[in-house]
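For reference, the structure is listed below as structure tokens.
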Amino acid sequence: MNETIPRQNDQRRCKYVFVGGSPRSGTSLLARNIARMQYCTGLKNTGVFEDEGQFLQDVYLTASAYGGSSRCGFDPRIHRTESSDLLTPENVARLRATWHSYWDNSKTIFVEKTPENFLMARFLQAAFPNSYFVVIRRHPVPASIAGQRWTNNITSLNRMFEHWLHCYKLFEQDKKYLQHVYELTYEDYVEDPNKYHQEIAAFIGTRVAEPPKEDTFRIVLQWRNPSGLRVPERAMETTSGVYSKKYFDRWSYFLTRSPFKGYYRYIARKYEPEFAKYGYSLVKGFVESEDALGLNSKVSALFGPMYCLGADLGALLRRSAVRTKGYVKRGVKRLLPEFVLNRIRQVRQSALLSKPRAEVSTVSARSR
């Protein structure tokens, strides 16, 4: 990879494509496919936890006092506009230099995916004037339940729905300030990915590349598997409509047969009008009769919040357990010399690379 930063007069030719959306909305898949287009370059592990916000991590090394994401280095809900104090000339220069140190600078279109991108689009547009934003939206049921599973259910479903709405409302407020925005939904994308690849290519001023003639593989770093997983490229660039079905089935179970169906019915009633504005429903298609949920009834002002409070307390206990486990694990690692840790990483990666091709393909298929 050429790590030379483009000269100042060449930077006018550069375009910066920021892919964003709520977590678990297909941002990783979308960004990988955009990065495959002609003249485009992206991180080899684009969409992997450690890569997200990498160009920001190197400039803003610590989370903000407001409790921002450690991966982004600051809270995009606070520092999200062109008036941010963080947009000093020195910081912007460092941002651009850091950005270009990660990419193939023989290309002219740079693709970065971090879900929070769409929450700080105005900030990014100020730092990278020739910015293009591709924002994907997915049905809140699979996005929220998948997000819960990714984080060990340390956030209640009530708060996941609330967060989904909060994020897209912020984006709606900011959208009018952006020069180049392309929006799509995950549901439409998986139905006809080629159509959207062509449209996005035209949007950013390039064209879709020819598919590779031979399978290529990459080592994908994972949050729970630091040594990585060797998977075929095609397995990471294929959309699937089946992926959401298990979450829809799960939500239908929550509403009809779960021991805690009172809680799920309450939040379905609570958020149904808000999600309807985006064309989504938490009720239609999930129950045989909408009357069973009592959508038109007056729910007790006491019981509904109590349901949510109980779920939030349960999530808090799980969150405390997960964080305690993380503290212990990091403490043990600090006791080991660096050469020992490096040796462990090398052994794990060697074992990974030596796996038979068929076995790797089977593992990657299961992981999807």
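Output the peptides 130-136, 307-313, 332-338 sorted from most to least packed, where packing is the average of other Cβ atoms within 10 Å over each peptide's residues. Let's see the in-between values first.
Working: 130-136: 22.4, 307-313: 15.9, 332-338: 9.0.
So the peptides 130-136, 307-313, 332-338, ranked by packing, come out 130-136, 307-313, 332-338.
Would you rank 256, 324, 41 by solvent-accessible area, highest first, keeping every protein chain in place and using a 1.4 Å probe? Don't skip to the end; give the middle numbers.
Values: 256 45, 324 80, 41 10 Å².
Sorted by accessible area, descending: 324, 256, 41.
Output the pairs from 169/270; 15/176; 176/277; 246/284; 176/284; 113/176 with a Cα-Cα distance over 23 Å in this structure; if there are none, say none. Intermediate results must be reported in sequence, preceding the final value.
Numbers: 169/270 17 Å; 15/176 20 Å; 176/277 18 Å; 246/284 16 Å; 176/284 32 Å; 113/176 21 Å.
Exceeds cut-off: 176/284.
Taking square-rooted eigenvalues a ≥ b ≥ c of the alpha carbon gyration tensor, is the range 126-189 rounded, prolate or oblate, where a/c under 1.5 means rounded and, failing that, a/b exceeding b/c means prolate?
Prolate shape, in that a/c is at least 1.5 and a/b is the bigger ratio.
Tell me which residues come under 5 Å, amide H to amide H, from residue 181 once H is placed; ignore anything under 5 positions away on its chain.
Sorted by chain and number, the residues that satisfy this are 133.
Give me the accessible area of residue 183, 1.4 Å probe, in Å² rounded to the nearest 10.
Accessible area of residue 183: about 80 Å².
Go through 31-38, 79-86 and give me the packing order, highest mean Cβ count within 10 Å leading.
Details: 31-38: 22.0, 79-86: 15.4.
Output ranking for 31-38, 79-86: 31-38, 79-86.
If I model a spin label at residue 169 and residue 248 as a point 7 Å from the Cα along the Cα→Cβ vector, what separation in nanometres do I get?
Between residue 169 and residue 248, the label points sit 2.8 nm apart.
With θ set to phi - 60° and the Karplus curve 6.51 cos²θ - 1.76 cosθ + 1.60, what are the ³J(HN,Hα) couplings of the range 325-339 in order, to the nearest whole Hz, using x for Gly and Pro?
Ordered by residue, 3J(HN,Hα) equals 4, x, 4, 5, 4, 5, x, 5, 4, 5, 7, 8, x, 4, 5 Hz.
Output ³J(HN,Hα) for the range 260-269: one whole-Hz value per residue in order, computed from phi by the Karplus curve 6.51 cos²θ - 1.76 cosθ + 1.60 with θ = phi - 60°, and x for Gly and Pro.
Using θ = phi - 60°, the values come out as 10, 5, x, 5, 5, 5, 4, 6, 5, 5 Hz.
Read phi for every residue in the range 157-167 and hand back ³J(HN,Hα) as whole Hz from Karplus 6.51 cos²θ - 1.76 cosθ + 1.60, θ = phi - 60°, with x for Gly and Pro.
Karplus-based 3J(HN,Hα) across the range 157-167 equals 5, 4, 6, 5, 4, 4, 5, 3, 5, 4, 5 Hz.
The values are calculated or read from the model by the stated rules, or taken from the named source; none is laboratory data. What you see is a predicted model, and the numbers here were worked out from it, not measured in a lab. Note that we place each Cβ from the backbone using ideal geometry, even for glycine, and neighbour counts take in every protein chain shown. Side chains are part of the model used for accessible areas, which takes the heavy atoms of the whole protein and leaves out ligands, DNA and RNA. Shrake-Rupley method; radii C 1.70, N 1.55, O 1.52, S 1.80 Å.
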